[in-house]
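Every number in this text was worked out from the coordinates using simple rules, so none of it is lab data. Note that the coordinates shown come from a computational prediction; the quantities given were computed from them, not determined experimentally. Neighbour counts run over all protein chains shown; Cβ positions are idealised from the backbone, glycine included.
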Amino acid sequence: MKAGLRQSMAWLHTWSGLLLGWLLLAMFVTGTSAYFREEISLWMAPELHHSQPSPETPALAWAALNATAPNAKSWDIQLPEARSPVAQLRWQPDTPQAEDGGRQRGERAVMDAGTGEPLAPRASRGGDFLYRFHFELYGVPRIWARWLVCVATMFMLVAIISGVITHKKIFKDFFTFRPGKGQRSWLDSHNATAVLALPFHFMITYSGLLIFMVMLMPWGMNAAYQDGWRGFFQDVFPREAPAAEGGAAAPMVDIAPLVARTRATFDQPVRRISVDWPNRDNAVIRVATDKAPNITDQRRGGHPTLVFNGGTGELLETQAGDAAVPGAFRVYNLLVNLHLARFADPTVRWLFFLFGVGGTAMVATGMLLWVSKRTQQLRGKAPGAALRLVNGLNIASLTGLLGALAAYFAANRLLPVELAARESWEIRVFFLTWLLALGHALLRPDRRGWVEQLAAITVLWAALPVLNLATTDSHLFSATAWRVGALAGFDLVCLLMAVAGGYALWQVVQRRPVRGQGPLPQRPRPQQSMAQGPRSERGTRTAGDGA
Amino acid sequence: MFTSLFQRLAASSGLGVASRTVAAVFGGYALAACATTALALWLPAAPATAVITANLLSFLIYTVAVLWAFATRSATRAWVGILAPALLLAALAWLGGAENLL
């Protein structure tokens, strides 16, 4: 019975893993990149790189909004912080159109934090495209894509737990590594990457489902609240509506003293200023600071805030920040905050990034193991159509996606700034490159396919810092001199990707594929070796840097 | 080994695997949904806390149901082991006032 359980779990692990492995791989690669979503967005907007935060920034933003939208319904100023050097201005025009269709996006502008000049970054979806792709794909109706992604996530949860049951000696296996042995090496890499970050894999999967619990499992809140999730959220995050009508026109106080007072009150830098009914006699100004991040914080708000009367500057309310929440919510917040790395300082962010890379490697080595095992069982016979298809899809979803990612970044530097629908063209370049890689991989689902795509991605990633050097003045050298870690780090990761790709390529080219597994004498036919791909340790690194 | 096991499973009980899969995917979801509803209504806590606790557990319940469907000896046992607790929990949820779901 015990062996029976392990066998059935092995079967479940293998087939649930294969069925959604490609989608999971794409989710892992783009999701890992999302840990540096803001840094990627910054890199993709060179027009913002010269902005320098200054103590004058709040006053400059205040003046800019007073000049641009003095009679708006509301203002929102996001001041620069470590991950973004600019000030983001948003306002809601006081016009009936703004409320049409229930969408109140409002207007927005980006301001140079040092000079107060408006900035016009090139149109780009930046890191947001990759972040969104990891849970709602692209060009698919959002609700379908989210369900599909959640089904894949559920499969992964099943694969993780059945995988642990399958390997009763999993922690012993973790220390077993047999390089250069084809399938065995893939199995060892798969075990190592899985166990190394097992808590992370479980956390990222389970919290991913929890983030979509309203969509996936609404039955409890629908039964407990008459108006379902709306009632639940009103209960959890009570919100007071702002005054419905603006009063008579009236000048507002200077913002600088309010900022200084808030900063002194909470001993934290001010991050955000919002105003209801600016320049009216019922104007309310909220000045919010950073907060010491806490891993069990609520997702929304919770920043220490002072609320002022806009006309007199009188203090109306002091909001100390997060109230204590019940234990169950702390567990929920903990899992969700871990998924989003909301609390993370740069070191922890890099750690999560590396875990994501490990997750990518785990899925990738699992997929390669599937092919390797079945190729070995052929004992030298030519692989059938199904095996060739799986191998082709593996190539496209691993090296193809990494190539598409590099092409997306290259398009950001190469497409003309004034091109119409420019941000869509960047995304088209991404998908066209991926499609090209898929076509190539399906035509050559063998060793040549791996070699050619590894060569292509090595060149592409190595080209990115060079391209950056040629097209911007915030390239690796100046970013290093300016000590802007986000920009220098981006180029360095590109170089690392190129090194990893080149190393994998070198290993595949140099060493013949693993032989001697079948009884037949081997002839150097490429088809025989199609499924071996890059061998274990390189494969891990190839996949490993896949984010 | 995986392939031969799969072939054995498929050959001996192709229908069995299909039946287990349906039990796991849909039966498991039904069980998780019933458990979430019953817990949200019956847990001795404020409504919001009961709901979030139930939801925290829901995907664990689903996963255990899926594993059960493939681990147990026969497809029939898979179905009974999922549907029986689901019905029990559905009855509990009904008693707790889940009729506003309908």
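Quick notes on this one:
- In the stretch B:41-61, the residues that are of a type in the set (Phe, Trp, Tyr) and either more than 7 Å from chain A (Cβ to nearest Cβ) or surrounded by fewer than 23 Cβ atoms within 10 Å (Cβ to Cβ) (or both): B:Trp42
- Residues satisfying the stated conditions in the stretch A:332-374, i.e. of a type in the set (Ser, Thr, Tyr) and under 20 Å from A:Ala159 (Cα atoms): A:Thr360, A:Thr365, A:Ser372
- Among the candidates A:Leu389, A:Leu398, the residue that is aliphatic (A, V, I, L, M), buried (at least 24 other Cβ atoms within 10 Å of the Cβ) and in a helix (DSSP H, G or I) is uniquely A:Leu398.
- Condition check for A:Thr262: among the hydroxyl-bearing types (Ser, Thr, Tyr) and either in contact (Cβ under 8 Å) with a residue 40 or more places away in the chain or in contact with a Leu (Cβ under 7 Å, 6 or more places away or on another chain) (or both): yes
- Residue that is nearest to the other protein chains (Cβ to nearest Cβ) [pool: residues in the stretch A:311-333 that are small (Gly, Ala, Ser) and touching an Asp or Glu at 6+ places or on another chain (Cβ under 9 Å)]: A:Gly321
- Hits in the stretch B:66-97 (condition: at the interface with chain A (Cβ under 10 Å from one of its Cβ atoms), touching a residue at least 24 places away in the same chain (Cβ under 8 Å) and assigned to a helix (DSSP H, G or I)): B:Val66, B:Ala69, B:Phe70, B:Ala93
- From the list A:Arg132, A:Arg142, A:Arg125, the lone residue that is buried (at least 17 other Cβ atoms within 10 Å of the Cβ), of a type in the set (Lys, Arg) and free of Cβ contacts under 8 Å to residues at least 12 places away in the same chain is A:Arg132.
- A single entry from A:Gly220, A:Gly208 fulfils the requirement of being closer than 28 Å to A:Val357 by Cβ, in contact with a helix residue (DSSP H, G or I) (Cβ under 7 Å, 6 or more places away or on another chain), surrounded by 16 or more Cβ atoms within 10 Å (Cβ to Cβ) and within 10 Å of chain B (Cβ to nearest Cβ): A:Gly208.
- Within the stretch A:411-426, at least one residue is crowded, with 20+ Cβ neighbours inside 10 Å and among the charged types (D, E, K, R).
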